[in-house]
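Report on the following structure.
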Amino acid sequence: MRAPFLAAAVAAFALPAAAGAQLGLPLPPLTDPIQTVTDTTDTITGALPDPTGGVVDTVTGTVGGVVDTVDDATGGVTGGITDTVGQTLDDVLGGTLGELPTGTIDDLLGAAGLAGLNGANGAAGTPGVTIRPDGTVVVDRRAPVTRFKVLNHNRTVGRSGKLKLEVSSDEPSVVALVGSVRPGRAWKLHGKAAKRHSRKAIKIPKIVLAYRKAGALRLTIQFSRAAQRNIRGSYNTSVKLTLVAVDVARNQVTRKLNRVVKH
């Protein structure tokens, strides 16, 4: 049985002020002028970073939240993720690095407000083996179990331009993910519309989520008009996520998950 822990939440955008206060999380600074987050609605407004892409527009839930990405020169990992940690995450998610180093895991837990069972960064203990201040040794070698599901249908996404996903973890943890959405075959399109239809993958940029306790967070992905048009003209759409999850005992797992957004 796992020891009880305190926890909290993580990557590109912020929680509403009330939620931040409830979770004891700092409201991260706005570092990207393209993306404006309002504390009351947690909604991003303004131009999308890619004319054919999408961004995570909203993250909701009571078990955790998101942590902003901050520059090394503007404040380290408190309330955010440094460029160095972000690059290491990119390497693992992109497959060029096998796993996260222990120091990076500690930085992620610290940025998320999650107190690792090993205490401060660099404390004694290896992944899965925790040495508490009183000398007690706790063994926990099971990585977090993460799942995701699609909450709306493809025809709804085509009309609204928003895809809703639910990402869950079975314990306090940090989950970083990237993904893509690929429109399916053209449906009820003719002439120029059929020729214009594209099945090019739409990228979902990296976001880092943190969970104070076991449960689920809901993500809303807002697509550009071009991407929305291609989804609307498709019978269905496929979603692919690559994620890396770490828990407070420094266990980690990398997974690739696929789902179909049905018509």
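Here is how the numbers come out for the structure above:
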| quantity | calculated |
| --- | --- |
| Hz values of 3J(HN,Hα) by residue in the range 87-103 - Karplus curve (6.51, -1.76, 1.60), Gly and Pro given as x | 5, 5, 4, 4, 5, 5, 5, x, x, 8, 10, x, 7, 7, x, 4, x |
| Cα-based reach from K200 at 25 Å (exclusive), listing lysines while leaving out same-chain residues under 8 positions away | K149, K162, K164, K188, K192, K240, K256, K262 |
| Under 5 Å, built H, 5+ apart or other chain: amide partners of R212 | A8, G64, G65 |
| Cα→Cβ-extended label distance, 7 Å offset, between D91 and V139, nm | 3.1 |
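All of the numbers you see were taken from the coordinates with simple rules; none came from a lab. For clarity, every value in this text was computed on a predicted model and none was experimentally measured. Backbone-built Cβ (ideal geometry, glycine too); neighbour counts: all protein chains shown.
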